[in-house]
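The values are calculated or read from the model by the stated rules, or taken from the named source; none is laboratory data. Just so it is clear, the structure is predicted and the values come from calculations on it, not from any experiment. Because the Cβ atoms are built from the backbone with ideal geometry, glycine has one as well, and the counts that use them run over all protein chains shown.
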Amino acid sequence: MVIVTIGLAIYIRNVVSYGLPSLEQLENPKTNLATRILSSDGVLLDHFFIDRRINMTYDSIPKDFINALTATEDKKFFSHWGVHAGRIINAFAKRFIYGDREGASTITMQLSRNLFLNQDITFERKIREAFISIKIEQTYTKEEILEMYTNTVNYGRGAYGIQVAAQTFFDKLPSELTTAECALLVAMLKAPSNYDPIKHPEKALRRRNLVLKLMYDQGYLTGSQHAEARKEAVNVFLTDKTGKRKRIHLGSQSAPHFVEMIRQDLSRDNSFREYDLYRDGLIIHTTLNSKIQQYVNEAVEEHLKELQASFNKRWNWNRNKKLLDELLLKAVHDNAEYNSADAKEKPKVQARLLKSKNFIDSVKNITSTIQIGLVVIDPANGAILAMVGASPKFMRENPSAKYSLNHARQISRQPGSAYKPMIYAMALNNGYTPESKVECGPFSFKTETGELWEPSGTGNCESGEMTSLTDALRLSINTVSARLVTSITNPTDVVNLSRRMGISTPLQAVPAISLGAGGDVEPLELTSAYGSFVYDGIHIPPYYLNVIEDKNGTVIKQKPRFVNMKKAMEPEIARQMTYMLERVVNAGTASRAIRSVFTDVDAAGKTGTTNDAADAWFVGYTPQLVAGVWLGFDDKRITFDVLGSEGYGGRSAAPIWGKLMAKIYADQSLSYREKTFTYKKTLDSVQEFSLPYPLTKLQKEKIKVMMVPFQASPSQPSGNQVILPDLPTRRID
């Protein structure tokens, strides 16, 4: 007997000495906590997680839940020291005599298993579990143990902790749970999959009622409270109703590509290597405004629904058979089944897919879906306020679409006429004004290679006819832009201006840059570039992170105190560009789409449409916001050309911008009160030259040269008359 006792003692010592947590681990148990991504106005956008788990303090856990938990799992919890000897002896006896398996673990023992051990059913694990439980009881109060248990236990369906469980099963905050709902959550702890109220409602109901009976037996419920709770139906929030869900536990998920952009960037950030985005419970405070994001989503959904329907009516795959064959072949080669097949099986897989109606229809659907990239920026500080990276239709139809191509940031497309403001800004920089005249008729230019470049798009101007820079930009006359880039400025200076305005994509310094054909640009960068016009010629790079905190609220990363601002142009040039671009919105290519829905606030911007209407753009701004919209298809061979003028930027992209701004400025809770552009408040040049915008020193000098005194008549005020210089014309034979 002595030998057996000594042997057992040695065995237990060996078991206990191996695999027990250290004091530091006991005091700082490692759990997988979800990282939360918050908007600037405090709305939860989404999580990064391995286990979707959010901690709650003991005081915020419903009392009914604590009572249900202790009544069911450990009624002697507040009196034992981590291990309940009577329960262990009783469980062993029942198993030995009757073969029944009855749980003997206290809440503390379950916690020790969840935090430090595995689920193996062995005598060794049970010994370690008991010793760890004793150490936990020595380290923490009973309330702290209950808090840790409640926050770490698995309730099923990927929900760890009561906060996520309450929102997963009931779409409620824990504080909103009824007594019966608290009992149901505790009921599921025994076996989450077996007592899942969605899959097994009857079993879940019986188990819940057992928990309620135990609460009554322990004096936690009166007879009437017990009877009332039993009457309550098991009303779980079904997963197929997620469209109506408040989605508190998942976040609003209103800006999936914005959140994914953050995840990708932080994952690549070497300075962030010591933190785990999926386990450390970080809190990421972003620049996104949830209300503006809501309005962006609404405006996009409303317009694209109509535009997609119109496109679907006019696009005909029978007329594009060759293109469809190429798209199908590419889809086959991208197919997972095809790629996993061996060389002999590949032809069979390909043949089967090409005959599959479902496969063919899916390729047609995906490739003909209108895609969108949209971003809203605060030009005063560069904060990204909202973003849409893909079509809402595409997002609904593809479960993993949040990880798909971000059309606001990860694509580069030709900007078309949306790039023309850079040409005009350089012309103004060289001394011309918005009222300066330039020929708008047919134009040809011999390039350095000897080729004759003859851009179309005269705005119906006859040979020798003149127009002002303002009207040329308002009507987007190509021949004027071409003359400006070859006679008044040059492609290299235009590219340099673009760099100062924040465009980093490759651009070619060629005459065609005047038509937006000098290279592709990102929607985010082009939108940010327009912010230079709003902010008096200063470009501020866009950003999306304000602060990142660890799980304890300690700041571990924040936006730089000083941003890399660049002077892109003189403030007078920026204000003159605003004057001209405002005419585009009020009486130009975007007026019909925008001013029909958005009035009483100054707005400026430019439309853009590329060859065959492959891309449609509108980038515009108000006194406080800048937003850019790109529309197109992932395959450039599918275009808006079938829509005719309906596919141009002014009729496809601009309406979204107009609807969006109307929604934002109608919301009195948002802080956008400024309705007038700055240039209208400037008196300097207005007083001196009777112009509605300020002038640069060079512009003033050029105008003064052209000024002539004249004798005032009774119908004319005395003073100087401003005669604005005409731009020289140049023909290349």
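Values computed for the structure shown
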| quantity | calculated |
| --- | --- |
| Test: residue in region 205-212 that is surrounded by 22 or more Cβ atoms within 10 Å (Cβ to Cβ), without any contact (Cβ under 8 Å) to a residue 24 or more places away in the chain and in contact with a Phe, Trp or Tyr (Cβ under 6 Å, 6 or more places away or on another chain) | yes |
| Filter result (touching a residue at least 40 places away in the same chain (Cβ under 8 Å) and not basic (Lys, Arg)) within region 139-153 | THR139, GLU143, GLU144, LEU146, GLU147, MET148, TYR149, THR150, ASN151, THR152, VAL153 |
| Criterion (at pLDDT 95 or above, not basic (Lys, Arg) and not assigned by TED's automatic domain parsing to the domain that holds SER528) met by exactly one of ASN478, ASN460 | ASN478 |
| Verdict on ILE88 being in the same structural domain as GLU129 (by TED's automatic domain parsing), at pLDDT 55 or above and surrounded by fewer than 22 Cβ atoms within 10 Å (Cβ to Cβ) | no |
| Counted residues, region 173-203 - those being touching a residue at least 60 places away in the same chain (Cβ under 8 Å) and under 30 Å from the mean Cα position of the chain (by Cα) | 3 |
| Any helices (runs of 4 or more DSSP H) falling wholly within region 637-733 and containing at least 3 residues that are farther than 30 Å from LEU288 by Cα and at pLDDT 65 or above | 697-706 |
| Among (1) in the same structural domain as ASN611 (by TED's automatic domain parsing); (2) modelled with pLDDT under 95, the one test that ILE503 misses | (2) |
| Any chance VAL332 is buried (at least 18 other Cβ atoms within 10 Å of the Cβ) and closer than 24 Å to ARG263 by Cβ | no |
| Search result, residues across region 394-443 that are surrounded by 20 or more Cβ atoms within 10 Å (Cβ to Cβ), farther than 30 Å from LEU698 by Cα and charged (D, E, K, R) | ARG409, ARG413 |
| Residue match in region 509-528 (condition: more than 30 Å from PHE445 (Cα to Cα), without any contact (Cβ under 8 Å) to a residue 60 or more places away in the chain and over 25 Å from the mean Cα position of the chain (by Cα)) | no |
| Sole exception among (1) closer than 30 Å to ASP378 by Cβ; (2) part of a helix (DSSP H, G or I); (3) of a type outside the set (S, T, N, Q) for LEU288, by number | (2) |
| Test result for GLY82, over 21 Å from VAL164 (Cα atoms) and at pLDDT below 65 | no |
| Which listed residue, of LYS330, LYS344, LYS348, LYS321, is free of Cβ contacts under 8 Å to residues at least 40 places away in the same chain, assigned to a loop (DSSP other than H, G, I, E, B) and charged (D, E, K, R) | LYS344 |
| Residue in region 491-506 that is surrounded by fewer than 22 Cβ atoms within 10 Å (Cβ to Cβ), acidic (Asp, Glu) and in contact with a Pro (Cβ under 8 Å, 6 or more places away or on another chain) present | no |
| Counted residues, region 335-365 - those being surrounded by 12 or more Cβ atoms within 10 Å (Cβ to Cβ) and among the aliphatic types (A, V, I, L, M) | 6 |
| Residues that are hydrophobic (A, V, I, L, M, F, W, C) and at pLDDT below 85, drawn from region 31-52 | LEU33, ALA34, PHE48, PHE49, ILE50 |
| Of all residues making up region 530-564, the number that are surrounded by fewer than 18 Cβ atoms within 10 Å (Cβ to Cβ) and in a loop (DSSP other than H, G, I, E, B) | 12 |
